[in-house]
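The values are calculated or read from the model by the stated rules, or taken from the named source; none is laboratory data. As the structure is a prediction and not an experimental result, all values here were calculated from the model. Note: ideal-geometry Cβ built from the backbone for every residue, glycine included; neighbour counts use all protein chains shown. Note: areas computed on protein heavy atoms with side chains; ligands, DNA, RNA excluded. Shrake-Rupley method; radii C 1.70, N 1.55, O 1.52, S 1.80 Å.
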Amino acid sequence: MLRRITQISAWSVYLIILSLYIFSLWALFDHRSDATFWSFHEVGQILKYSLLQAGLSAVFSTLFGILLARSFFYLNFKGKHILYKIITFAWALPSLVVIFAVIGVWGNAGWLAQIWQSLGLEWQFQLYGLQGILLAHLFFNIPLVAKYVLEGLSLIPSSQHQLAAQLNLRGIHYFRIVELPILKGILPYAFTTIFLICFTSFPIVLMLGGGPKYSTLEVAIYQAVTFEFDFAKAVMLIMMQILVGIGLQILMDFATKLAFQQYRSYPLPIDNIWKATLSGRRKWGLQAVISVLSFAIVVPILNVIWTGLSVSDFFSRLANPQLWEATLFSLLLSLIATLTVILIAYLIALEARQLAYRNQKIKHSFLAGVTTYPLIMPVFMLAVGLFLLLINVELSTWQLLVLVGVCNGLMLLPYIYRLIFTAMWEALITQDKLARSLGLTGLRRWWIVEKTYLIRPLRNAFALAMSSSLGSFAVIAFFGSPDFSTLPYLLYQQLGSYRMDDAAVTALVLMVLTFLPFLLIEQKENR
């Protein structure tokens, strides 16, 4: 009976998600007209610059992430754990807060410009354009690559480090012989992940792109719908992104399998790994790397805090009713998104692990495949489609909360599902026979057998979903209004109208709210 309920629940969720995307796409086709201004040349240019900025962002993020991870792995110093926690917080920051932080440091009125001008020099750096996009993406993604690489380095046995020390291996030879064998399985996954994130980047490109030249497909879709009302062009761009998304997803799956095989071929990470004592140029080089990269990541975060606290009339701006109304809506949306995505991921994982356990590969591929839809199909297809379907419907505030919250939750499904499924699969293959022999079923089985495996992943999933959905902007960009505004939507309006003091306070509040659930996520700077 319980098995039947699990099947019905999982496949019902599958059909609901599939129906949402089908109806959204149908709404776009239904509203398109014959009169359109798109051309293959324009779409080609957009695709070209999308691939260019994503490729450059992924390459530089991977290189600097490797350097930062090696510095954290081999160096020991006071405050290392705190510094690592602050740096890893960067990839959890909302995109609009990152934009505000980058402008505050690199903009024409930023810290660096002021220091430069105080020396009697002219600040000639132009933030808006490809360079601004790259800066923001590097700020986001260097800590994420460093996290992946650190996890890989922690799998290298102490015996390999000891043998390398005896052979006096240094520099590139040390990296090639000791570190690269494990990293060659992880780096393709890290690179592909960063490329996919940057390729679908929306707020950063919208705000820092400096014009249509560096537009991504998602920004072009947004502009086609909101400014040009050209739905035929939007449909064309969406179809293009789906095709590219399928190709990227195939690469992502290959990279994921490669990384998984690499992890399985090495022992579990250990806390105390023997490492040679550093000295001389090697130590100085790692210290220089961690100093420069930490400065580049920590200073923008400190700038958000300082700018927010130092504005004139801070407390009156903080007491702004519009700010706290947006805060309330953000928290409610985040809670709805988090509960939605965890419930969906859990229900699908319950059935998917049984299908995988029974080696029913086709059914498993269909069911688990629905969790990748948000990566393949642009979120704007869902947002714009639902917007058009409901354009003549008067929605209440609570209905809008549920609608936007569910869409935000679906955007996180690929990441939350992997967190939950991995733990559920491990619990099944290691404890299923014992649980069956003891007659454990239902809630009793979960409490006795699976709780140990799932508590930490569920807590991390909850924290990650809360932190990520607090800064979500893509869906609210279509449904937001003066009466229904979230903190990211309010910050976007304030930045767009150059109300920088109000934006500073909003960015500070949003960053603090994002940081609180992030504290629940367990991570180590050196296992």
Next item on the list: Consider just the alpha-carbon atoms of region 296-394 and return their Rg together with their Dmax, both in angstrom.
Entry: 21.5, 64
Note to self: Suppose R0 equals 56 Å. What FRET efficiency, 1/(1 + (r/R0)^6) with r the Cβ-Cβ distance, do residue 18 and residue 180 give to the nearest 0.05?
What the structure shows: 0.85
Next item on the list: Find the centroid of the Cα atoms in region 308-323 and in region 398-439, then give the distance between the two in whole Å.
Entry: 40
Notebook entry, point to check: Toward the positive end of the charge dipole of region 312-437, about the Cα centre and with charges on Cβ (Lys, Arg +1; Asp, Glu -1), which of 403, 379, 430 goes farthest?
Noted result: 430
Checklist line | Environment charge at residue 227 (Cβ cut-off 15 Å; Lys +1, Arg +1, Asp -1, Glu -1) | finding: -3
Notebook entry, point to check: How far is it, in nm, from the label point at residue 41 to the one at residue 437 when both lie 7 Å from their Cα along the line to the Cβ?
Noted result: 7.3
Note to self: Using the Cα centre of the chain as the reference point, and only Cβ charges (+1 on K/R, -1 on D/E), how large is the resulting charge dipole? Debye, rounded to the nearest 20.
What the structure shows: 2480
Note to self: Run the numbers for residue 398 and residue 52: contour at 0.36 nm per residue of separation, minus the present Cα-Cα distance, in nm.
What the structure shows: 120.5 nm
Check: What spacing in nm lies between the two simple spin-label points modelled at residue 362 and residue 77, each 7 Å away from Cα in the Cβ direction?
Finding: 5.9
Check: In nm, to one decimal, how far is the modelled label at residue 444 from the one at residue 160, with both set 7 Å along Cα→Cβ?
Finding: 4.6
Checklist line | Cleavage-rule hits (chymotrypsin sites (Phe, Trp or Tyr not before Pro)) in region 99-183: DSSP loop, at most 14 neighbouring Cβ within 10 angstrom | finding: 125
Item checked: Cα gyration tensor shape for region 1-139, rounded if a/c is under 1.5, else prolate or oblate -> oblate
Notebook entry, point to check: Which label marks the calculated value of Cα extents along the principal axes in Å, given the options [x] 112, 64, 47; [y] 77, 71, 50; [z] 95, 87, 41?
Noted result: [y]
Note to self: Of 140, 229, 487, which is farthest towards the positive pole of the chain's charge dipole, taken about the Cα centre with +1 and -1 on the beta-carbons of Lys, Arg and Asp, Glu respectively?
What the structure shows: 140
Notebook entry, point to check: Which whole-number value in Å² is the accessible area per residue of the chain, probe 1.4 Å?
Noted result: 47
Notebook entry, point to check: So how compact is region 156-204: Cα radius of gyration and Dmax in angstrom?
Noted result: 16.2, 51
Next item on the list: Please get the size of the charge dipole for region 327-461, origin at its Cα centre, with Cβ charges of +1 on Lys and Arg and -1 on Asp and Glu, quoted in debye to the nearest 20.
Entry: 640
Checklist line | Percent carbon-and-sulfur accessible area, the chain, ignoring ligands, DNA and RNA, probe 1.4 Å | finding: 66
Notebook entry, point to check: So which helices of the chain fit the span-like rule, where a helix is a whole DSSP H run, its Cα atoms reach 30 Å or more along the axis, and its mean Kyte-Doolittle is at least -1.0?
Noted result: 2-31, 40-74, 130-153, 231-264, 280-309, 321-357, 413-437
